[in-house]
Amino acid sequence: MAAAADLAEIDRRYSFHPFTALADHERDGPSMVITGGKGSTLTDASGRDYIDAMAGLWCVNVGYGRTELADAMRDQAAQLSYCHAFSSMSSDKPALLAEKLIGMAPVPMSKVFFGNSGSDANDTQVKLVWYYNNARGKPGKKKIIARQRGYHGVTVMSGGMTGLPGLHAGFDLPLPFVKHVMAPRKLWEGHGLSDAEFVAKLVDDLEQTIAREGADTIGAMIAEPLMGAGGVLAPPPGYYPAIQAVLRRHDILLIADEVICGFGRLGDMFGTTTMGMEPDLITVAKGLTSAYFPLSACIVSEKVWRVIADEGSKAYGAFGHGYTYSSHPVGAAAALANLQLIEEEQMLGKVRSTGAHLQAKLREAFADHPLVGEVRGQALIGAVEFVKSKDGGPVGFDPALKVAPRIVKGALARGVIGRALPNADSVAFSPPFIITEAEVEKAVGAF
Ligand code: PLP
């Protein structure tokens, strides 16, 4: 293999990267070139090890280098490397995976549709909402309610639903038919309020948005059980039951974006369970295969399914949507092996116990620091938010400060990978489920 410096130069010269300062990358090249991974550790081209305290991008839940997954994928590729799912064609592993997902879904669900990424699955969800409402004679219900600071992906539609201004800049986003409501961020939007008062404020914001736009123009609301990239924001207790009562009253569907929370990150198999959600549609990706293969799924309730299958078929004929890689057999084999590992190794228990340790260590290390506004999270997901002073404002995009990116750079120099969130005011932690307590301590120590 080429030497580390050569690889970095090749990368610098020929590629550009997501969520990267393009001119800096073209000038300086990549921050590191990774060539291996095992457990919670990544190794770069010069042989240096790093603890990956982010499990990639909140996704390598069972850890790197699991031969169980590699074997399942190799066997599947040798047996049947590809089979499309158009025109009713089917293959064994996706069928079995769909059965498995319906069996384990956190609320009663009927059907599964596979995609490739969280972004395209959320696009599919919006098309399902539109198809559903068109088929049942409510074509006016088109708008989507999303939340400020929510992250739902970067395709035109999912990027439009994402509520982070830094991800809209230069891309003609957000979209006029996506309406963003207030984020459940206690530190700022809920400052000085009790949980019940904060829930009331968030519900009022939703009610006002619906009143302003008209319920007959709104198809669905999308929400992460716990917001990830927007700052690791858990809603106040009672939030979802109160929000759902409003949505139901106005005949608005709820899409749970479980792309980060799904398959154990919060200590339950789904964040829907942890947060008391009752969604009509569920999006999963990342943890479905622990990122061994790009695979996502839309899990659809009977309520939506019956309309799109019966009325939709009558009105529009065949369902005109799907991807070349929908129901990919190698992805499905990876997912089946991944879910088996999570169950056999009782990883939810690990998430809860190691998660409690992570939360305690983060609070111990950071909570009293004068520039820390809040340490938050639960189980194996956490964030530290920086402020100008305990009673000052948020750091946010302040270019003079860039606190979170600087801290992440410093930790990297000490052999730990974390993540500065896109709004640059928080550092996130979301390690693999198999991280040890000693590794957690090393990671927090580096930060
Ligand atoms: N939804 C959530 C909650 C996410 O965190 C992400 C990615 O971070 C996505 C959707 C988009 O997934 P992908 O990057 O696979 O398109």
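The values are calculated or read from the model by the stated rules, or taken from the named source; none is laboratory data. Keep in mind the model is a prediction, meaning the values are calculated, not measured. Cβ coordinates were reconstructed from backbone atoms using ideal geometry, including for glycine residues, and neighbour counts include every protein chain displayed.
I need the full set of residues from region 1-47 which are of a type in the set (Asp, Glu) and surrounded by 14 or more Cβ atoms within 10 Å (Cβ to Cβ), in order please. First the steps, then the outcome.
Narrowing region 1-47 to residues of a type in the set (Asp, Glu): 6, 9, 11, 24, 26, 28, 44.
Glu9, Asp11, Asp44, listed by residue number.
Looking at region 231-241, can you tell me whether even one residue there is free of Cβ contacts under 8 Å to residues at least 40 places away in the same chain and part of a helix (DSSP H, G or I)?
Yes.
Given the conditions (1) more than 11 Å from the ligand (Cβ to nearest atom); (2) farther than 25 Å from Gln208 by Cβ; (3) in contact (Cβ under 8 Å) with a residue 40 or more places away in the chain; (4) among the aliphatic types (A, V, I, L, M), which single one is not true for Val156?
(3)
Conditions (1) of a type in the set (Asp, Glu); (2) more than 23 Å from Val416 (Cα to Cα); (3) touching a Cys at 6+ places or on another chain (Cβ under 6 Å), marked per residue:
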site: His25; (1), (2), (3): no, no, no
site: Gly37; (1), (2), (3): no, no, no
site: Asn61; (1), (2), (3): no, no, no
site: Asp71; (1), (2), (3): yes, yes, no
site: Leu96; (1), (2), (3): no, yes, no
site: Gly103; (1), (2), (3): no, yes, no
site: Ser110; (1), (2), (3): no, yes, no
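In region 159-180, how many are within 11 Å of the ligand (Cβ to nearest atom) and free of Cβ contacts under 8 Å to residues at least 24 places away in the same chain?
The total comes to 1.
Would you please list the contacts, defined by Cβ atoms under 7 Å and residues six or more apart or on different chains, that run from a residue in region 401-415 that is in the same structural domain as Thr43 (by TED's automatic domain parsing) and outside any helix (DSSP H, G or I) to a residue that is exposed (fewer than 15 other Cβ atoms within 10 Å of the Cβ) and of a type outside the set (Gly, Ala, Ser)?
Gly415/Asp49
Please go through region 116-153 and give me each residue that is away from the ligand (no atom under 13 Å from the Cβ) and either outside the structural domain of Cys261 (by TED's automatic domain parsing) or assigned to a helix (DSSP H, G or I) (or both), ordered by number.
Result: Lys127, Leu128, Val129, Trp130, Tyr131, Tyr132, Asn133, Asn134, Ala135.
In region 1-57, what count of residues is obtained for those that are assigned to a strand (DSSP E or B) and of a type in the set (D, E, K, R)?
The initial filter retains those residues of region 1-57 that are assigned to a strand (DSSP E or B), namely 34-39, 41-44, 49-52.
The next check asks that each one be of a type in the set (D, E, K, R); those that pass are 38, 44, 49, 52.
Residues flagged as assigned to a strand (DSSP E or B) and of a type in the set (D, E, K, R) within region 1-57 amount to 4.
Could you list, in sequence order, the residues of region 326-347 that are farther than 26 Å from Cys83 by Cα and crowded, with 20+ Cβ neighbours inside 10 Å?
Ile342, Met347
Does region 9-28 hold any residues that are among the small types (Gly, Ala, Ser) and at pLDDT below 95, and which are they? Steps first, please.
Looking only at region 9-28, we keep the residues that are among the small types (Gly, Ala, Ser), and these are 15, 21, 23.
Matches in region 9-28: Ala21 only.
Against the condition surrounded by fewer than 20 Cβ atoms within 10 Å (Cβ to Cβ) and out of contact with any strand residue (DSSP E or B) (no Cβ under 9 Å at 6 or more places or on another chain), how does Leu187 come out, does it pass?
So Leu187 does not fit the description; no.
Out of region 48-90, which residues are surrounded by 18 or more Cβ atoms within 10 Å (Cβ to Cβ) and farther than 23 Å from Pro431 by Cα?
Result: Ala72, Met73, Gln76, Ala85.
So, Leu254, is that one touching a helix residue (DSSP H, G or I) at 6+ places or on another chain (Cβ under 6 Å) and more than 14 Å from the ligand (Cβ to nearest atom) or not?
Values: touching a helix residue (DSSP H, G or I) at 6+ places or on another chain (Cβ under 6 Å): yes; more than 14 Å from the ligand (Cβ to nearest atom): yes.
Yes; evaluated as a whole, the condition is true for this residue.
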